[in-house]
Amino acid sequence: MTVVPPSFDLLPGDPASPVILHVPHSAREIPDDVRSGIVLDDAALQRELDHITDAHTAVIAEEAARAAATTPWRFVNRLSRLVVDPERFPDEREEMLAVGMGAVYTRTTHKDVLRPDGFDAGPLIERYFHPYASAMTEAVTDRLAATGRCVIVDVHSYPASPLPYELHADGPRPPVCLGTDPFHTPSALLDAARKAFARCGGTGLDSPFAGTYVPLRYYGERAEVTALMVEIRRDTYMTEPGGPAHDGVARLASALASLIDAV
């Protein structure tokens, strides 16, 4: 019998904190029964994980939480985004379907086949995507009930050089890209992030990745739910692709802690 690890962890913070650090893409774990549906051999799969995983972002979030004056809550995906990507729309609304990267990927970062044509994504959506979305929605609901607001800070990373799957690869690739939403990202939150990450080489806005993650129950509905995506260029803290972290982690964690304290 295959033992499937937990799909996600909600790591409690201070009851008075409105902040949830969301870390959706840091893991490499793929359950055996999910691995069997991926056509890559083991070496090719490890190379793909090197490219697609936001390596060490869970460590950055953990160190930031430890350093913050008021400990934030953390919602961390414990499975690879090659199982499901919890930040994608699970239907035709998802623009990344154009490159085979909806909620369940069928193509790799280099546009090679990951899963065969006609692959039925339904069981993975039911088993992993919907429970994750429900748990994240509940976590936001709890912060709203406890504090009257919720601040979701998505912690991601991206490669220094564009990968073939990227749809918006022509723009700037700053040390820290801040992804925003016109409804859920107020100017005060964006200003606080710019100030906090100035020490990390500077920030850019919505390039090469844009948008934020807000559970659909609250998306466009509740202004008390604010959100910001923090996309860290990988060469600022690690050896690419998929290599070890270096001292940039401490600097980024300190900056993220400053952001947590500011909001």
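The values are calculated or read from the model by the stated rules, or taken from the named source; none is laboratory data. What you see is a predicted model; the values in this text were computed from it and never measured. Cβ placement follows ideal geometry from the backbone for every residue including glycine, while neighbour counts extend to all protein chains displayed. Surface areas here come from the heavy atoms of the whole protein model, side chains and all, with no ligands, DNA or RNA. Shrake-Rupley method; radii C 1.70, N 1.55, O 1.52, S 1.80 Å.
The table below lists the values:
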{"item": "Tabulated pairs, region 199-227, first without any contact (Cβ under 8 Å) to a residue 60 or more places away in the chain and under 19 Å from Ala188 (Cα atoms), second of a type in the set (Asp, Glu) and crowded, with 18+ Cβ neighbours inside 10 Å, C-beta under 7 angstrom, 6+ apart or interchain", "result": "Gly211/Asp181"}
{"item": "Subset of region 233-248 [in contact with a helix residue (DSSP H, G or I) (Cβ under 6 Å, 6 or more places away or on another chain) and either over 14 Å from Phe197 (Cβ atoms) or of a type outside the set (Phe, Trp, Tyr) (or both)]", "result": "Thr236, Glu240, Pro241, Gly242, Gly248"}
{"item": "Per-region count, region 21-43, residues farther than 22 Å from Ala245 by Cα and touching a residue at least 60 places away in the same chain (Cβ under 8 Å)", "result": "5"}
{"item": "Residue within region 124-136 that is assigned to a helix (DSSP H, G or I), touching a Gly at 6+ places or on another chain (Cβ under 9 Å) and open to solvent by less than 70 Å² (accessible area, probe 1.4 Å) present", "result": "yes"}
{"item": "Complete set of residues in region 105-121 that are open to solvent by 20 Å² or more (accessible area, probe 1.4 Å), on the phi < 0 side of the Ramachandran plot and assigned to a loop (DSSP other than H, G, I, E, B)", "result": "Thr106, His110, Asp112, Pro116, Asp117, Phe119, Asp120, Ala121"}
{"item": "Test: residue in region 86-104 that is charged (D, E, K, R), touching a helix residue (DSSP H, G or I) at 6+ places or on another chain (Cβ under 8 Å) and buried (at least 17 other Cβ atoms within 10 Å of the Cβ)", "result": "yes"}
